[in-house]
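Here is the structure we will look at, set down as structure tokens.
The values are calculated or read from the model by the stated rules, or taken from the named source; none is laboratory data. Keep in mind that what you see is a predicted model, and the values were worked out from it rather than measured. Glycine gets a Cβ as well: all are built from the backbone with ideal geometry, and neighbour counts include every protein chain shown. All accessible areas refer to the heavy atoms of the entire protein, side chains included, with ligands and DNA or RNA removed. Shrake-Rupley method; radii C 1.70, N 1.55, O 1.52, S 1.80 Å.
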Amino acid sequence: MASVHESLYFNPMLTNGVVHANVFGVRDWVTPHKMALLVLLSELGRAGAQLGLLERRRLNRLLLPLLQGPDMALSRLRKAIEECCPHLASSVHIRLKLMAEGELKDMEQFFDDLSDSFSGTEPEVHKTSVVGLFLRHMILAYNKLSFSQVYKLYTALQQYFQKDEKKDGADENEMELTNPEELDGKMEKEELDGPLREEEIACSGPLSQKQAEYFLSQQASLLKNDETKALAPASLQKELNNLLKFNPDFAEAHYLSYLNNLRVQDVFSSTHSLLHYFDRLILTGAESKSNGDEGYGRSLRYAALNLAALHCRFGHYQQAELALQEAIRIAQESNDHVCLQHCLSWLYILEQKIFDSCVLLEHSVNKSLHFGLPYLASLGIQSLVQQRAFAGKAANKLMDALKDSDLLHWKHSLSELIDISIAQKTAIWRLYGRSTMALQQAQTLLSMNSLEAVNVGVQQNNTESFAVVLCHLAELHAEQGYFAAASEILKHLKERFPPNSQHAQLWMLFDQKIQFERAMNDGRYHVADSLVAGITALNSIEGVYRKAIVLKAQNQMSEAHKLLQKLLIHCQKIKNTEMVIRVLLSIAELYWRSSCHTIALPVLLQALALAREYSLQYLASETVLNLAFSQLILGIPEQALNILHMAIEPVLAHGAVLDKGCAMFLVAKCQVASAASYTPQKKIEALESAILNLNEAKTYFAKVDCKEQLRDVLYFQARLFHTLGKTQERNKCAMLFRQLHQELPAHGVPLINAFK
């Protein structure tokens, strides 16, 4: 950490009950809170063997955050001690009371007695231990005080204790006026708040260097591992401004301010804080001390590199490219290969926005391995795998590449990259339509323990990887009709990644998509249409596609066709092959609904060629089902049945429940159409087999509450039962059909002209 500017502490002063004694380079001072901690340590030494093993263990765990953390009210300190050892809390309170209500010489005697802790052949406290260093710092700081400063400290101690006494009196009066039920609720709330939550600790007045370092490191760790436990963006910025008010040259505070502003997507404040961080590094000479004369140039090139990364994050690619060129120039002049490799990685990211190029990435991976940069090499491999997945490479080759990167992760204990690798595998299996494999990878990541050491009570893996995996898990459950489970996962995501966190947009998009699918299945197109705006705000391509689906469902064919054509051109331009195939399938359905069956065939064949070229197996199977439906419409049901056997197995194994139902419904339609040329006995068998398939389709549709498809299945079943002469079953299906038909609007579209 950078040194705190010591000139601020040459003039001792009293601020909010804090006596500054940072003269002659002493970077700590005595406060009433720290005197309370000294009393706690003294009483802990006196108790000795009287304390049980469990109580001593709890107190030892409590001491470190108390010694390092900011000052707190005496009531909160007492409560923290009481939870560990009630009788020790009482002893501390009595000792403080005697000191505060006594005379100044009692405080003098207390500090004189502290030195006895180090005396003897077996001292109570070792000088080099954490507690020993704290005691020595406090004794030294106290000895540096003048008489007037000692008197001010004693007055501050009295105010500190009296404030606690007044609060206790107010609490007793409130207890008398409060009924037991309300009191229990209040106590429970206070217990849930906990004594050491950062949200409750206010940095009143300037912190010492150690307190400031502890505060900054803890908040930075929380932002990385569990953003929900960190201070809210506004509160954290307030505390950082308070730190910088007393020490504007505290570089690390500027960097934490930069991270905090990134949380709320504030580009101006982020840039401002980042530039101040590197300016302060140069001004304080921290870089020069650690890197010799090279330190100044090192700060400049990494400042330019970080600025390029910041602009890239906010989509300012031209500014990012200029900053990156500056970083490359300075790094080349200094012959800094490590910085150049980072620049090369960012250069690939920028050029990827313009054209696909694997050359830079492969070169970056090789150079990173050569210079011993496993983290950068692994990130390069992950990016290369992602690019190859979009290019349609075989899954087995991609998994082999990820296996090689996993070896690097485990060898160097790169916990974060292990999570990214598993999340990448989940996304690849989802892209290729293997939902079972995706589910397995998602469960693997969720059941893993982080390799990083984090504080107790902090979620270990509140990273983007976990957000991605949980979102996929929610969507997989929704596709199988487990909407309650999907809602629980999304609820957990909302708690783990609040709306103001940086990864909240992931679950917001998936939440909107799941709600959209449910509304479409239920025939509530007005609700689905209202959700389109939210989806568009998070992902414009998804939003336009779903708007076209709503228009198609509302029989606004020409508007839907125009929208899909524009989307098709855009997706072909940006090479979003998955969306291109989905758009082609939707266009083919529009042609069916418009009775242009022959025009739909070339569109479907184009979609099938793309799906097979890019190894998108599930989309290929879905396209084959659409081709089978086209053949059914064109009057060749036998051929349709033959190709159905090619596609139905992947759909039933990995498909969504709605797709399974549509596939079984299509099989039943083809069986009925083929039975027209059969002998009477064989025709009856074919119709009974079709009824069984319709029952299975009905089960699938009921699971996702797809009422329109259920109505169609019931109509079809009633006709088949009538043909077979089963009057009772026919009447039952007819009654159920009538109930759904009255509930749902009829659009006047023939039953045969819709696959989904």
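Brief remarks on what is shown
- Taken together, H272, H254 contain a single residue that is under 20 Å from L307 (Cα atoms), buried (at least 20 other Cβ atoms within 10 Å of the Cβ) and without any contact (Cβ under 8 Å) to a residue 40 or more places away in the chain, which is H254.
- Test: K575 is within 39 Å of the chain's Cα centre (by Cα), more than 22 Å from L658 (Cβ to Cβ), modelled with pLDDT under 90 and not aromatic (F, W, Y): yes
- You will find that of N461, N449, N455, the residue that is crowded, with 21+ Cβ neighbours inside 10 Å, at pLDDT below 90, of a type outside the set (A, V, I, L, M) and not in a helix (DSSP H, G or I) is N461 and no other.
- For region 34-82, a residue qualifies if it is under 38 Å from the mean Cα position of the chain (by Cα) and farther than 28 Å from L236 by Cα, and the qualifying residues are L54, E55, R56, R57, R58, L59, N60, E82.
- Residue check, D266 modelled with pLDDT of 85 or more, surrounded by 19 or more Cβ atoms within 10 Å (Cβ to Cβ) and of a type in the set (D, E): no
- Residue that is at pLDDT below 85, closer than 30 Å to I349 by Cα and outside the structural domain of L63 (by the TED database), where the choices are E199, E287, E252: E287
- The helices (runs of 4 or more DSSP H) located wholly in region 330-427 that include 2 or more residues which are of a type in the set (K, R) occupy 395-412.
- Taking residues in region 649-670 that are more than 12 Å from S435 (Cβ to Cβ) and hydrophobic (A, V, I, L, M, F, W, C), and partners anywhere that are open to solvent by 20 Å² or more (accessible area, probe 1.4 Å) and outside any helix (DSSP H, G or I), the pairs with Cβ atoms closer than 7 Å and at least 6 places apart or on different chains are C662/K756.
- Residues in region 99-154 that are closer than 25 Å to S208 by Cα, of a type outside the set (V, I, T), at pLDDT below 80 and open to solvent by 60 Å² or more (accessible area, probe 1.4 Å): 2 in all.
- Every residue from region 551-562 that is assigned to a helix (DSSP H, G or I) and open to solvent by less than 80 Å² (accessible area, probe 1.4 Å): L551, K552, A553, M557, S558, A560, H561
- V603 vs. criteria touching a Lys or Arg at 6+ places or on another chain (Cβ under 7 Å) and either modelled with pLDDT of 90 or more or assigned by the TED database to the domain that holds Q709 (or both): no
- Hits in region 83-98 (condition: under 36 Å from the mean Cα position of the chain (by Cα) and either surrounded by fewer than 17 Cβ atoms within 10 Å (Cβ to Cβ) or at pLDDT 85 or above (or both)): E83
- Scanning region 307-323 for residues that are under 30 Å from the mean Cα position of the chain (by Cα) and either farther than 20 Å from D279 by Cβ or open to solvent by 40 Å² or more (accessible area, probe 1.4 Å) (or both) turns up C312, R313, F314, G315, H316, Y317, Q318, Q319, A320, E321.
- Being over 30 Å from S273 (Cβ atoms) and of a type in the set (S, T, Y) is a condition met by at least one residue of region 351-366.
- Selection status of E638, open to solvent by 80 Å² or more (accessible area, probe 1.4 Å) and more than 25 Å from G392 (Cα to Cα): yes
- Residues of region 476-488 that turn out to be part of a helix (DSSP H, G or I), surrounded by fewer than 23 Cβ atoms within 10 Å (Cβ to Cβ) and either free of Cβ contacts under 8 Å to residues at least 60 places away in the same chain or not charged (D, E, K, R) (or both), as a count: 8
- Of the criteria (1) over 26 Å from A394 (Cα atoms); (2) touching a Pro at 6+ places or on another chain (Cβ under 6 Å), which one S621 fails: (1)
- Of all residues making up region 137-161, the number that are part of a helix (DSSP H, G or I) and either more than 24 Å from F118 (Cα to Cα) or free of Cβ contacts under 8 Å to residues at least 60 places away in the same chain (or both): 17
- Candidates I587, I581 - the one that is within 32 Å of the chain's Cα centre (by Cα), under 20 Å from D659 (Cα atoms), outside the structural domain of M664 (by the TED database) and not in a loop (DSSP other than H, G, I, E, B): I581
Yes or no, residue by residue, for (1) within 25 Å of E464 (Cα to Cα); (2) open to solvent by 50 Å² or more (accessible area, probe 1.4 Å); (3) in contact with a strand residue (DSSP E or B) (Cβ under 6 Å, 6 or more places away or on another chain):
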{"site": "L509", "(1), (2), (3)": "yes, no, no"}
{"site": "Q515", "(1), (2), (3)": "yes, yes, no"}
{"site": "A528", "(1), (2), (3)": "no, no, no"}
{"site": "T536", "(1), (2), (3)": "yes, yes, no"}
{"site": "L564", "(1), (2), (3)": "no, no, no"}
{"site": "C571", "(1), (2), (3)": "no, no, no"}
{"site": "M579", "(1), (2), (3)": "yes, no, no"}
{"site": "H597", "(1), (2), (3)": "no, no, no"}
{"site": "V603", "(1), (2), (3)": "no, no, no"}
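- Check on T228, open to solvent by 20 Å² or more (accessible area, probe 1.4 Å), at pLDDT 85 or above, within 24 Å of the chain's Cα centre (by Cα) and of a type outside the set (G, A, S): no
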